[in-house]
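*Asks:* The structure follows.
The numbers here are math on the coordinates, done by the rules we state, and not lab data. The model shown is predicted, which means the values in this text are computed figures rather than measured ones. Note: ideal-geometry Cβ built from the backbone for every residue, glycine included; neighbour counts use all protein chains shown.
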Amino acid sequence: MDRTEFAAILNSIQIPEGCDVETLQRTVKPISHALVEMMPDKLFRYRNCSEMSVEAFENDKVYALTADMFNDPYDMLLRFDIEAVKNMFNSLLSNELFYRLKDVLGKGKTLPDIVKQNFDQENISQIKNIFLSITNDSEIDSFVSNRRNEVMDMVDLYFPLLATFVNKRTATISCFSETIKSVTMWSHYADYHKGFVLEYDLRPTLSNGIPNVGIYPVIYDDKRYDGTQYILWEFLRMIGVKLPNPDTLSYIKCALHKSSQWEYEKEWRLIDSNLRDNIISENKTWVSLKPTAIYYGTNISSDNKNRLHSIAQGKNLKEYNMYIDYAFDKYEMQYHECV
């Protein structure tokens, strides 16, 4: 199974908030099967020799960062169709709807279940008082028009802010790659070949999961993920409408969609959702994962290599040196086991 096929499976599935366990397990089964089929034996994490990276290696920690800390400004930045949202509210905030609700409230009829489920009694009482206090057509026209303008202003103001919120505060991400041989990856993420790479076997995490943590392949596409439905839900929740999230996978889908310009990274992402609804100052979390091997960059200093070698020996890890093969006809790094 390739990433395009995985994308088709993931994007076709929605898991509404509050669904029962049996339904949840049945719904996610195609995703789980795809991950088992796709995950390679080895995934690689490129690191520089900063104190934090070395300390994380020593303590079997993998740090995960919020997407605003990454080098791609589009990373986990939701696209939304603001005109479609405004058209929806224009249809809802109409004189016709006002008259219908006023008739229901005035005659003491039972409110629709969707209203009773998603507004508390205090809000319902306030709405009833407002609707019954307005009697003539001109007052109704003015009230509906003012409310519509208020909502449009709120949409303009809050939708970009909510997109930023998702980008910064929904989840933290750790990045892995399927390849150890990328010259570009060694340059960008391992300090111009002066760093190191840790090898991991993450297949056991698919069956023995870490709470609120998932590992998925990145989906590369030239079209951004449409998060209109998700931001609309966040917006309604913000203004007090307690609708359930129509798709609890939305933030994962958002985190996995990247421009095809990044396709050379062959990236997998560990997504930690323990951050949700919490504001932390350091923009990071961590999970405990043990590496299976270490690879030293061609330009790593002897001091850094000796320090890392000492840690690797204590963990009984395999160690490899990267090198350039002058006879090789491809632009790929090579490696051999340290002796």
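*Asks:* Measure off 7 Å from each Cα along the Cα-to-Cβ vector at residue 79 and residue 55, then give the distance between these two points in nanometres to one decimal.
*Replies:* 4.0
*Asks:* Residue 152 to residue 65: extension gain in nm, 0.36 nm per residue of separation minus the Cα-Cα distance?
*Replies:* Taking residue 152 through residue 65 to full extension adds about 28.0 nm, to one decimal.
*Asks:* Another question, if that's okay. Can you give the FRET efficiency to the nearest 0.05 for residue 24 and residue 318, using r as the Cβ-Cβ distance and R₀ = 30 Å?
*Replies:* Working: r = 39 Å, r/R0 = 1.30.
Here the calculated transfer efficiency is 0.15.
*Asks:* Once the Cβ-Cβ distance between residue 32 and residue 328 is put in as r, and R0 is 30 Å, what FRET efficiency do you end up with, to the nearest 0.05? Let's see the in-between values first.
*Replies:* Working: r = 39 Å, r/R0 = 1.29.
Efficiency, rounded to the nearest 0.05: 0.20.
*Asks:* Please sort 303-315, 138-150 by packing, taking for each peptide the average over its residues of neighbouring beta carbons within 10 angstrom, highest first.
*Replies:* The most tightly packed comes first, giving 303-315, 138-150.
*Asks:* Subtract the Cα-Cα distance of residue 96 and residue 11 from 0.36 nm times their separation in residues, and report this length gain in nm to one decimal.
*Replies:* On the way: separation 85, 0.36 × 85 = 30.60 nm, distance 3.63 nm.
Stretched fully, the residue 96-residue 11 segment lengthens by 27.0 nm.
*Asks:* Cα convex hull of the chain: mean projected area in nm², to one decimal?
*Replies:* Computing the convex hull of the Cα atoms and averaging its projections yields 21.1 nm².
*Asks:* Another question about this same structure. Taking the Cα centre of the chain as origin and charging only Cβ (+1 Lys, Arg; -1 Asp, Glu), how large is the dipole, in debye to the nearest 20?
*Replies:* 520
*Asks:* Using the alpha carbons of the range 217-312, what is the convex hull volume per residue in cubic angstrom, as a whole number? Kindly include the intermediate steps, with their values, before the conclusion.
*Replies:* Details: hull volume 16.2 nm³, N = 96.
Expressed per residue, the convex hull around the Cα atoms of the range 217-312 is 169 Å³.
*Asks:* While we're looking at this one, here's another question. Past 23 Å, Cα to Cα, is the threshold; run 181/284; 181/266; 168/194 against it and keep the listed order.
*Replies:* In this structure, 181/284; 168/194 exceed 23 Å between Cα atoms.
*Asks:* Just the Cα atoms of the range 174-257, one point each, no solvent: what log10 I(q)/I(0) does Debye give at q = 0.12, 0.14, 0.22 Å⁻¹?
*Replies:* The computed values of log10 I(q)/I(0) come out as -0.59, -0.74, -1.11.
*Asks:* Here's something else I'd like to know. On a 0 to 90 degree scale, rounded to 10, what angle separates helix 302-315 from the longest Cα axis of the chain?
*Replies:* Relative to the chain, helix 302-315 is tipped by roughly 80 degrees.
*Asks:* Using a cut-off of under 16 Å, list every residue of the range 286-323 whose amide N is near the label point 7 Å from the Cα of residue 203 along the Cα-to-beta-carbon line.
*Replies:* 292-293
*Asks:* Just to be sure I understand: of the beta bridges DSSP finds with both ends in the chain, what percent are antiparallel, rounded to 5? Display every interim value, and only then the final one.
*Replies:* Numbers: 32 of 40 bridges.
Once the DSSP bridges in the chain are tallied, antiparallel ones form about 80 percent.
*Asks:* Between the alpha-carbon centers of the range 156-209 and the range 316-332, tell me the distance in whole angstrom.
*Replies:* 23
*Asks:* What is the distance, in nm, between label points placed 7 Å from the Cα along the Cα-to-Cβ direction at residue 142 and at residue 290?
*Replies:* Roughly 7.4 nm, to one decimal.
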